Amino acid sequence: MRKTVIPLVIWYSLALITSCKKKPAAEPQQFITLQSTASFPMGSAVNSPRIKGSYYYQGTLTTEYNSITPDYELKFDWTEPQNGVYNYTDGDFLVAFAAQHHIRVHAHNLIWHQALPNWVINFQGDSVAWENLFKTHIESEAAHYKGQVASWDVVNEAIRDDDGTLRNQDVNPGDGSIWRRHLGPDYIARAFQYAHEADPQALLFYNDYGQEWNSVKLDSMIALVVGLKNRGVPISGIGMQMHIDINADNAGITTALKKLAATGLKVHISELDISVNPGNDPNIVFTSALQIAQAGKFQFIAETYRATVPAAQQYGITTWEFSDADSWIPAFFHRKDWPLSFDSLYKKKPAYYGLLKGLKD
Ligand code: G3I
């Protein structure tokens with residue numbers, strides 16, 4: 001009995017194995033994502049603690065986006081906290097994470113009147129000393145990330161909102177530019193030159209906000225970048241931050257994109273978020289009506305970007321983070337708000353589908 005059982009077991013096992021016909025390998029399912037739908041890079045601002053701290057964050061980021069902008073890790077106060085002492089640890093983490101996931105890095109930013117360490121704010125020196133401080137920082141950081149980042153916001157927010165002139169520490173101490181005060185108005189051109197010399201391959205952007213609602217600032221910005229371009233300064237593009245709300249004027253958005261595209265430079269919608277509570281209503285509820293209005297505005301922006309900026313100049317659309325949980329707006333404006341494409345549990349909102357629809361042909 002025993003002798004006949006064993007062969008049967010073996011037979012049966014073999015029969016079972018051979019009878020399991022190999023299923024044809026399933027076609028890899030093409031998931032519909034922001035990055036797979038867009039004809040240009042889709043980006044998000046990110047920060048290193050969030051990437052390290054959440055698999056939801058990491059998973060959404062690597063699935064939906066193919067470009068990142070470090071929130072603070074590449075800024076002056078973070079990379080050179082003391083004179084000549086550099087700290088690239090957090091930036092290195094981000095560029096390594098991006099390389100691992102084949103994600104573009106848009107570096108942000110080399111020169112800004114904010115996010116400065118105290119040693120710069122309190123620096124005492126003549127114009128030669130200031131120029132050296134400025135040049136050394138740009139050269140060090142741009143060289144460090146050479147070959148690891150695709151582009152830089154070289155200068156951020158150099159133009160005043162009220163009259164379109166250059167921010168100047170002398171004129172408006174609260175919101176002026178220490179760089180303009182100590183280096184003169186042409187510091188912007190030299191920032192681009194130093195960055196280009198340190199990393200000739202990187203695309204170099206001027207980044208600012210308000211183009212869609214402030215025609216004085218828009219025209220001043222265009223005069224600045226066209227002037228730089230015409231002088232042969234190595235500028236590649238303009239960042240239009242687009243921190244807007246659901247009431248933003250569509251005509252203003254369209255006009256700004258058309259005018260920026262007319263410069264022939266690349267146009268990057270660089271920090272998009274769409275507030276639903278610009279009036280700071282403490283009792284606001286994120287109603288379906290608000291969700292639908294926000295979705296419609298995301299859709300409009302994607303459609304208008306595609307329609308007004310020639311493909312060769314479309315550097316991409318980047319939101320300033322991607323989940324409402326991580327937006328800078330509620331804390332900065334001390335209000336309830338839901339400005340992004342994913343909710344605080346990283347679930348897709350109607351805003352996500354509005355953006356996706358606007359990206360589709
Ligand atoms: O993550 C660190 C934490 O580890 C540390 O303990 C803590 C205290 O030092 O700092 C935390 O980093 C902070 C970071 O926000 C994340 O919360 C930085 O100090 C803080 O300076 C940083 O603020 C950023 C701000 O720029 C200044 O760099 C905001 O997140 C960021 O949203 C904001 O972004 C700006 C753009 O660069 C330019 N356009 C406007 C936009 C919004 O203001």
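Here are some notes:
- Taken per residue, the accessible surface of the chain reaches 46 Å², heavy atoms only and a 1.4 Å probe.
- In this simple spin-label model, placing a label point 7 Å from the Cα along the Cα-to-Cβ direction at both A311 and W328 gives a separation of 3.3 nm.
- Listed residues L290, L204 arranged by accessible area, highest first, probe 1.4 Å: L290, L204
- Site pair N250 and S36 shows an inter-label distance of 3.0 nm when each label is modelled 7 Å from Cα along Cα→Cβ.
- Acute angle (nearest 10 degrees) that the helix 288-308 long axis makes with the longest principal axis of the chain, alpha-carbon atoms: 70
- P(r) weight above 15 Å for the range 289-361, C-alpha pairs, percent: 57
- Using just its DSSP H runs of length 4 or more, each adding -39500 (n - 2.57), the chain gives a mean residue ellipticity at 222 nm of -13000 deg cm²/dmol after division by all residues.
- Here the simple spin-label model places points 7 Å from the Cα toward Cβ, and for A96 and R335 these points are separated by 4.1 nm.
- Here the relative contact order of the chain, from alpha carbon pairs under 8 Å that lie six or more residues apart, stands at 15 percent.
- Taken as Cα centroids, the range 277-314 and the range 80-114 sit 29 Å apart, rounded to the nearest whole angstrom.
- Scalar couplings 3J(HN,Hα) for the range 191-196, obtained by applying the Karplus form with A = 6.51, B = -1.76, C = 1.60 to θ = phi - 60°, are 4, 5, 5, 5, 5, 5 Hz; x denotes Gly and Pro.
- Pairs from the list K52/K75; K146/K229; K135/K259; K75/K357; K229/K360; K266/K349 with a Cα-Cα gap above 27 Å: K135/K259; K75/K357; K229/K360; K266/K349.
- Across the accessible surface of the chain, with the other protein chains kept in place and a 1.4 Å probe, carbon and sulfur atoms take up 58 percent.
- Using a cutoff of 8 angstrom between alpha carbon atoms and counting only pairs six or more residues apart, the relative contact order for the range 41-208 works out to 21 percent.
- Cβ-Cβ FRET estimate between N283 and S140, R0 fixed at 41 Å, reported to 0.05: 0.25
- Pairs of Cα atoms nearer than 8 Å and 6+ residues apart set the relative contact order; for the range 304-361 it is 25 percent.
The values are calculated or read from the model by the stated rules, or taken from the named source; none is laboratory data. Everything numeric here is computed off the predicted structure, so don't read it as measured data. Counting neighbours? That spans all protein chains shown, and the Cβs are built from the backbone with ideal geometry, glycine included. The protein model used for the area step is the full one, side chains on, heavy atoms only, and it has no ligands, DNA or RNA in it. Shrake-Rupley method; radii C 1.70, N 1.55, O 1.52, S 1.80 Å.
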